[in-house]
Amino acid sequence: MKSSRTAVATLIAGLIVTAMGSMALGQIEAGATEPVARFDGHKVYRVTVKDAREYLAVTSLADDVWTHSPGLGDLDVQVSPARQAALEGLGLPTRVLIADVQGLIEAERAEVLRRRQQRDLSWFQNYKTLAEINTQLNAWAAAYPGLVTTFTAGTSLENRAIRGVKITGPDSAEFPKASRPQLLWHGAQHAREWISPMVSMFLGDQFLMQYGSGGISKALLDRVEFVIVPVVNADGYEYTWTTNRLWRKNRRNNGGSYGVDLNRNWGYQWGGEGASTNPSDDTYRGPSAFSEPETQVMRDLVLANPRLRVAIDFHSYSQLLLSPWSYTSVLPPDAAIFDQLNASMQGAIQGVHGQFYDAGPTYTTIYPASGASGDWYYGAGSTPRKIYSWGIELRDTGTYGFVLPADQIIPNGEEIMAGMTELASAIAFPAKISLPDGVPAFVDANATSSVRVSIVASPGETLNASSLKSYARVGSGTYASTALTSLGGSMYSATLPAAWCGTGVEFYVEASTTSGKVVRLPADAPTGSFIAPAAEITVKVDDPCEVNSGWSLTTAGDNATTGKWEVADPVATAAQPGDDHTASGTKCFVTDGRGGAVGDYDIDGGKTTLTSPTFSGLVPGDVVRRGTIVSYWRWYSNNQGSNPSSDTMPVEISNDNGATWHTLETVTENAGAWVYKSFTVDSVVAPSETMKIRFVAQDQGGGSVVEAAVDDVKVVVAACPRDPADINGDGFVNGLDYDLFAEWFESGDARADFNLDGFVNALDYDAFAEEFEN
């Protein structure tokens, strides 16, 4: 027997076919005089439906369903003026996302035309036609002949070329081109999703531009090959520019209607749930699997490239990372690997602009969809190799939907670039090495120190435990290796040697797998390395936040009605931690630590401020201060509710007892975990005796769920005793000090009395020279 969820899914999938059959949006008879489709008075609503009856009631009134894979929960529907009163009269939770669809389209077209007239805009500051995209592919090949090869995968139904590029570094003995794994990115299977080809192009552009600078982009291009097909549905994409901005399918003449949904036409589990048999529907699967030339072209491209290991199908909108399966709720054999890679991409994407992308199998994360590209790549295309596949839904979460403003292209591309770099690294490198706490701002002088290291084997690889080592040196000597100490799971500790004050420890980390592959951090080690400066560390604040040791839980201007700061043992919710961070503790500062439903005790109505007591960022004595470091662990969540990711948490520091404030960071990420942050505050504000730090958690938008927590706050000052030869006081002994002393000595300046005997003579010169040489 099917589970209740599966039964509902089956019912909803059937209702999609029935309801969408009545939708006439964009079903315009093609011809030489075909008018441009208009949507005057249309609105996009977000309606929350809880059962099949409500779903059918809403979709029967919709002219189009914008939700990527419609089902229970939040449903985005486009509704014409004649049906809006009926929809609003259903009495379901409803809000308007887009009040004027036609106005939005016209504003977009005007903005595209305006930006075309601006000569100072970059290529990615405007949407591009199919011809402009193809021209840019040629431009890449001309500008980067050693890295880019163009190709034509095939032709569309209307004989338009479906073009792409392959991007990889020059051939090498260590990484021969002929054996490099390939990663495929493609966009615009659904014609109206203009952001998808732009992001596909942005990825290629960034890797090409960054190759010459070295770093991770060069390391990846020297090890893998990227295959990019920006526009799969060439006919449909062209049609969105000329006739119907919201067209989804290809341009197949079905005899009274047009189009096949290409992402329901792939030949793995074709014809099941979430695909329609009605040619008028936007999810029409076609008469047979691979009936369309566009899907045939992409199938043949994959079969002709046996080195493919990853396939990404970019779509919009909803901000999702969707892995197999789409056709069934049964988890794929590599579910654990997909979870690992999803988490890696999520963190990287969120770390750029704070945008959260939900992740998981398509069927259970959104809803069923049979005949989808991702299932074919992983299910059928993987034979005899294995292809890990995703459908990635790009920005946004409904504010603009398919008509995303052009100013979102670059930030969307930047965050996806971070995610794809993580994914490509998992394919290119046998393991991923990272420093969760970063490179230490300082290590304690004259004592050994430790750095936390994370090492995770890539899919199909196993770590060789005896190979996990750190290499370190002080000065210009040879590197000495030390075995990493396991901390459990993927975490290790690297021990660094003692270094005297004012110098530093150079180090890198190395690991190998049982297959004999080696990876290092940094990637170019030992040529490149990390440097941790050594200094004498004075602890000024070390607060485990188990009790309130003088912190203020409110300040003037705070207006939050719920979710105010307190010291508590937090109760876990979908937005709040279930434990503090301190290993031996139980409490932390949290915005109301009670449990219950996710929105019961979150921040509502404004802001709530947590402010530290005054502390000193200085140390006494004749020393050279190297830096004042503030660190803490924080938890932040704002990705729940009906208005997710709309709030921020500024973290600020003051050096005048709170009279003025300066930003350390503005938190937007939803890590779902405790996150360690460390700042050398000298780059923000001059340290003083009267310093404070504050955390401003806030709910400034309706419908968002915001929770925050802070724990283990620490302030240290790094300093070194002043060297007598550092006469200019800049913390370094060098030629500047020698020149300054010579100037004083030659002029008989009293400051040249280095031995303090009351005279300026050769004895002072000899004393200074001795200190200088030491």
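What are the ³J(HN,Hα) values, in whole Hz, obtained from phi via the Karplus relation 6.51 cos²θ - 1.76 cosθ + 1.60 with θ = phi - 60°, for each residue of region 529-543 in sequence order, with x given for Gly and Pro?
So the Karplus estimates, Gly and Pro as x, are 7, 8, 10, 10, x, 9, 7, 7, 9, 10, 7, 9, 9, 9, 10 Hz.
Taking only protein heavy atoms and a 1.4 Å probe, what accessible area per residue, in Å², does the chain have with all protein chains in place?
Using a 1.4 Å probe on heavy atoms only, each residue of the chain averages 39 Å².
Just read off the accessible area of Lys540 with the full protein assembly in place, 1.4 Å probe, to the nearest 10 Å².
70 Å²
In region 650-689, how does Rg compare with the Kirkwood Rh, expressed as the Rg/Rh ratio over alpha carbon atoms?
Rg/Rh: 1.04.
Given a cut-off of under 8 Å on Cα pairs at least six residues apart, what relative contact order in percent is computed for the chain?
It comes to 9 percent, rounded to a whole number.
Within region 400-443, name every residue whose backbone N is under 11 Å away from a label modeled 7 Å from Cα of Glu665 along the Cβ vector.
Taking a point 7 Å out along Cα→Cβ of Glu665, the residues of region 400-443 whose backbone N falls under 11 Å are 437-438.
Give the share of C-alpha pairs in each 20 angstrom bin for the chain, from 0 to the last occupied bin, in whole percents, shortest bins first.
All Cα pairs considered, the percentages come to 14, 41, 32, 10, 2, 0.
What's the carbon and sulfur percent of the chain's accessible surface, probe 1.4 angstrom, rounded to a whole number?
Taking all protein chains in place, the chain shows 52 percent carbon and sulfur surface.
For region 449-540, just the Cα set please: Rg and Dmax, both in angstrom.
Expressed in Å, the Cα Rg and Dmax of region 449-540 come to 14.3, 48.
At q = 0.11, 0.18, 0.20, 0.22 Å⁻¹, what log₁₀ I(q)/I(0) does a Debye calculation on the Cα points of region 341-415 give, no solvent, two decimals?
Values returned for q = 0.11, 0.18, 0.20, 0.22 Å⁻¹ are -0.37, -0.89, -1.02, -1.11.
Semi-axes of region 304-385's equivalent ellipsoid from the Cα gyration tensor, sqrt of 5 times each eigenvalue, largest first, rounded to whole Å?
22, 15, 12
Once the Cβ-Cβ distance between Thr152 and Val36 is put in as r, and R0 is 22 Å, what FRET efficiency do you end up with, to the nearest 0.05?
0.15
Determine, from the Cβ-Cβ distance of Leu618 and Asn253 and an R0 of 56 Å, the FRET efficiency 1/(1 + (r/R0)^6), rounded to the nearest 0.05.
E(calc), rounded to 0.05, equals 0.10.
Tell me, what ³J(HN,Hα) does each residue in region 661-668 have, in order and in whole Hz, if you take phi through Karplus 6.51 cos²θ - 1.76 cosθ + 1.60 with θ = phi - 60° and put x for Gly and Pro?
Per-residue couplings from phi come out as 10, 10, 7, 8, 7, 10, 7, 10 Hz.
Can you give the three extents of the C-alpha atoms in region 264-342 along their principal axes, from longest to shortest, in whole Å?
Sorted from largest, the Cα extents of region 264-342 read 39, 30, 24 Å.
I'd like the accessible area for Phe745, computed on protein heavy atoms only with a 1.4 Å probe and all protein chains in place. Round to 10 Å², please.
Number for this one is 60 Å².
Please list 729-737, 227-235, 545-553, 156-164 highest first by mean number of surrounding beta-carbon atoms within 10 Å per residue.
The most tightly packed comes first, giving 227-235, 156-164, 545-553, 729-737.
Treating cross-link reach as a plain straight distance, find the lysines whose alpha-carbon is under 17 Å from the alpha-carbon of Lys517, omitting any fewer than eight places away in the same chain.
Lys432, Lys469
What fraction, in whole percent, of alpha-carbon pairs in region 484-527 exceed 12 Å separation?
71 percent
Taking Rh as the Kirkwood radius computed over C-alpha pairs, what is the Stokes-Einstein D of region 382-507 at 20 °C in a medium of viscosity 1.002 mPa s, expressed in µm² per second?
D = 117 µm²/s.
How large is the helix-only mean residue ellipticity at 222 nm for the chain, computed as the sum of -39500 (n - 2.57) over DSSP H runs with n ≥ 4, divided by its residue count, in deg cm²/dmol to the nearest 500?
-7500 deg cm²/dmol
Using each residue's phi in region 445-455, evaluate 6.51 cos²θ - 1.76 cosθ + 1.60 at θ = phi - 60° and report the 3J(HN,Hα) Karplus result to the nearest Hz, with x for Gly and Pro.
Running phi through 6.51 cos²θ - 1.76 cosθ + 1.60 with θ = phi - 60° gives 5, 6, 8, 5, 9, 9, 10, 6, 10, 10, 10 Hz.
Mind computing the radius of gyration and Dmax over the alpha-carbon atoms of region 144-294? Å is fine for both.
Values for region 144-294 (Cα only, Rg and Dmax): 18.0, 58 Å.
Quick one: Cα centre-to-centre distance for region 647-715 and region 39-79, in angstrom?
Rounded to whole Å, the Cα centres lie 40 Å apart.
Below 25 Å, Cα to Cα, which lysines can Lys714 reach? Residues fewer than 8 away in the same chain don't count.
Those lysines meeting the cut-off are Lys540, Lys564, Lys587, Lys607, Lys677, Lys692.
Determine the equivalent ellipsoid of region 476-584 by diagonalising the alpha-carbon gyration tensor, then write out the semi-axes as square roots of 5 times the eigenvalues, largest first, rounded to whole Å.
41, 22, 14
Excluding same-chain residues fewer than 8 positions from Lys166, which lysines have a Cα within less than 23 Å of its Cα?
Within reach: Lys128, Lys177, Lys218, Lys386.
Based on the Kirkwood radius over alpha-carbon pairs, what value in µm²/s does the Stokes-Einstein equation return for the translational diffusion coefficient of region 63-146 at 10 °C and 1.306 mPa s?
So the translational diffusion coefficient is about 94 µm²/s.
Which value in Å is the Kirkwood Rh of region 518-632 over different Cα pairs?
One decimal place: 17.8 Å for the Kirkwood radius.
Could you tell me the center-to-center distance, by alpha carbons, between region 394-415 and region 747-774 in angstrom?
The distance from the Cα centre of region 394-415 to that of region 747-774 comes to 67 Å.
Report the label-to-label distance for Ala686 and Ala447 in nanometres (one decimal), using points 7 Å from each Cα along the Cα→Cβ vector.
It is 3.1 nm.
Taking every pair of Cα atoms in region 35-99, average 1/r, invert it to obtain the Kirkwood radius, and report Rg/Rh to two decimals.
Dividing the radius of gyration by the Kirkwood radius yields 0.96.
Sorted by mean Cβ packing within 10 Å, highest first, what order do the peptides 515-525, 369-379, 566-576 take?
369-379, 566-576, 515-525
Normalised radius of gyration for region 155-229, please: alpha carbon Rg relative to 2.2 N^0.38 Å, two decimal places.
Expressed relative to 2.2 N^0.38 Å, the Cα Rg reads 1.26.
Between Ala52 and Gln84, what is 0.36 nm times their sequence separation minus the Cα-Cα distance? Round to one decimal in nm.
Full-extension gain reported as 9.5 nm.
Can you give the FRET efficiency to the nearest 0.05 for Arg385 and Ala769, using r as the Cβ-Cβ distance and R₀ = 56 Å?
So, using R0 = 56 Å, E works out to roughly 0.20.
Starting from the Cα of Ile531, step 7 Å along the direction of its Cβ; do the same at Glu106; then give the gap between the two resulting points in nm.
About 6.1 nm separates the two model spin labels.
Give me D for region 649-774 in µm² s⁻¹, whole number, from Stokes-Einstein with Rh from the Kirkwood sum over alpha-carbon pairs, 25 °C and 0.890 mPa s.
128 µm²/s
Separation of region 295-356 and region 149-174 by C-alpha centroid, Å?
Here the two parts' Cα centres lie 21 Å apart.
The values are calculated or read from the model by the stated rules, or taken from the named source; none is laboratory data. The model shown is predicted, which means the values in this text are computed figures rather than measured ones. Cβ sites come from the backbone with ideal geometry, for glycine too, and all protein chains shown count toward neighbours. SASA here: full protein model, heavy atoms, side chains in, ligands and nucleic acids out. Shrake-Rupley method; radii C 1.70, N 1.55, O 1.52, S 1.80 Å.
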